[in-house]
Each structure stands twice: as C-alpha cells, then as structure tokens.
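The structure appears below as structure tokens.
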Amino acid sequence: YFELNVNPMEAPEAEPTMILTLHDLSEARRVERMRVDFIANASHELRTPLASLLGFVETLQGPARDDTNARVRFLGIMREQAQRMTRLVDDLLSLSRIEQNLHLRPQTPVDMVSIVRHIADTLAPMARDNAVTLNVDVPASLMVEGDRDELLRVVENLVENAIKYGACDQMGENRCVDIGLRPQKRHCVLTVRDYGPGIAPEHLPRLTERFYRVDAGQSRAKGGTGLGLAIVKHIVARHRGRLGIESLPGFGATFSVTLPLQGA
Ligand code: ADP
C-alpha cells in the first residue's frame, strides 16, 4: 500500500514545481492488523471462560440452588475457569512488560546450569505425572548475562511444552525429554528435545505468534494460553539470542536457544 502526497511548491518566479512523496504503508498496515487481531484474540480467550463462569453462577442461583452435589461440582469448574483467566492475564502482562523493555538488555551474571537444574527439579512432579523421564546433560557452569527470572521462564516454558505435547515416542514407550546445555564458540546453547508427534513444517514459522496453536483444543485442555512461545521469543530477543525450532513429524521436536556467553 502506498500513500501518495502531491504538494505544489510556492516558487514565485519559476514555473510551479510539484513534489511527489511516496510512503510505503505495507508494514504499518501489517502491524495495525496484528494489533487488531491480537485484541480480538485476547478478548475471545477471556470471554470463553467468563461466559462459562456466568452460566454456572446463574445455574447456582436458579435451578441448582438447593442441589449440594451440583454446587460442589460447579464450584470446581468455576475455579478452573477463574484459574485459566488468571494464567491468561498473567501471560498478557508478562508479554507487555517484556515488549516494553525489548531495547534494554538485562546484564546480571546468570549461571544457565543452575537455571536448568532448578527447572528440572520444579517440573519433576509434572514429568512423573506424565510418566516422562527428564534427562539433563549440563556442564559444571555456563555464565551468560541476563535476567534470571526471564531465563527461568524460557527454560520452564520449553520443558513444560516438551512434557505436555511431545513426551512420547512413536510406540508410546520410553517417554523422555532431553535437556542439554553446552558452550559453542562464544555462545551457550540450550536444547530441549522430545520424541513425540513433532510439528508439521507449515506450522513452524507461525509457532511463536501470539495465540497460534497447532491444536487449540489440545492446548486449552492442557492449560495452555497460546502465549508461551511468544513470551520465549521476546525474552530471547531481549537477551540478544536466537530461538531455533526443528521438527521431523513423527520423530519429535527440538527447541534451541543460543545466548551470548558472559563477556562475549
Ligand atoms: P500453549 O499455551 O498453547 O502451550 P505455546 O506458545 O507454548 O502455547 O505453544 C504454541 C503451540 O505450539 C502449542 O499449542 C502446540 O500446538 C505447539 N507446540 C509447542 N511445543 C511443542 C512440542 N514440543 N511438540 C509439539 N507441539 C508443540
């Protein structure tokens, strides 16, 4: 899209001159469309649990007023819906905070090994519940400069996704997730690999878009907000790093994060 401005110049003695300015508006239009889509998506995601909550409140005030069993069951569902909205609002706030600070590179020394170990410990119960073994392969220490909480978030998100979506091989046996950390030249490379169904190539370029999911029903059923990888992408960008996603459908997926080592 181009915006065309034609301005006649005031030139008292010479022939009138015209100045033609061309502005490429394609990028501005794309950004505007993304903003509108984002608001529509966020509203829709909030509206669904809200509608469900309202429905249950009305039922409990009306037909199920004296039904003790229904009350217990409905309150459980209402709690889940409220938790879902809380997760969504928390993720939206995180995303906007990170976006606001995108140009500010965090510079506190952080040991990526302690981050990986911490997340492996935190997610051990979830892995156990999903019958998944977490294999952790890390050196003694690997220092980067960054924001510890944000880097914890990156590792947590990738490992959680690997457990949620990918933790089974084709035969449904040997469910495991490999978490690796290694130095490579002046960088630190984190890899999170699963042996699950993987991701078809057409989805890969869009996976880090806000609210993009391969299977929205599956994501919601697993408590996903559709914002995890968008948050990961922004945090990695703020740390001047790179996010890589590789997958061979049927053989699993590997997510890698490359960050500059401290002092690099
Ligand atoms: P969600 O909250 O839905 O998990 P994410 O942004 O973290 O949102 O992930 C986006 C989508 O990418 C997920 O809904 C899922 O379809 C897909 N995905 C992420 N990680 C994996 C994985 N390890 N294996 C297969 N699909 C994955």
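The values are calculated or read from the model by the stated rules, or taken from the named source; none is laboratory data. Quick caveat: nothing in here was measured; it's all calculated off a predicted structure. Note that each Cβ is placed from the backbone with ideal geometry, even for glycine, and that neighbours are counted across all protein chains shown. In case anyone asks, the SASA skips ligands and DNA or RNA and just uses the protein heavy atoms, side chains included. Shrake-Rupley method; radii C 1.70, N 1.55, O 1.52, S 1.80 Å.
The table below gives the values:
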read-out: Helical contribution to [θ] at 222 nm, DSSP H n ≥ 4, -39,500 (n - 2.57), averaged over the chain, rounded to 500; value: -15500 deg cm²/dmol
read-out: In nm, spacing of pseudo-spin labels at Arg117 and Glu246 (7 Å Cα→C-beta vector); value: 2.8
read-out: FRET efficiency estimate (nearest 0.05) - Cβ-Cβ, Asp66 to Arg206, R0 45 angstrom; value: 0.35
read-out: In region 78-182, the GluC sites (Glu not before Pro) that fall in loop regions by DSSP, at most 11 other Cβ within 10 Å; value: Glu173
read-out: Extension gain, Gln184 back to Val36 (0.36 nm per residue minus Cα-Cα distance, nm); value: 49.2 nm
read-out: List His44, His187, His239, ordered by accessible area with a 1.4 Å probe, largest first; value: His44, His187, His239
read-out: Spatially proximal lysines relative to Lys164 (Cα-Cα < 20 Å; intrachain offsets below 8 disregarded); value: Lys222, Lys233
read-out: Efficiency of FRET from Cβ geometry, Ala237 and Ile19, R₀ 35 Å, rounded to 0.05; value: 0.35
read-out: Sparsely packed trypsin sites (Lys or Arg not before Pro) within region 105-203, loop by DSSP, other Cβ within 10 Å at most 10; value: Lys185, Arg186
read-out: Qualifying GluC sites (Glu not before Pro) in region 190-257, DSSP loop, other Cβ atoms within 10 Å at most 15; value: Glu202
read-out: Over the chain, relative contact order from alpha-carbon pairs under 8 Å, at least 6 apart, %; value: 17
read-out: Excluding exposed DSSP-loop chymotrypsin sites (Phe, Trp or Tyr not before Pro) (at most 14 other C-beta within 10 Å), longest clean stretch of the chain; value: 2-250
read-out: R0 of 41 Å, Cβ-Cβ distance Ile77-Asn135: FRET efficiency to nearest 0.05; value: 0.65
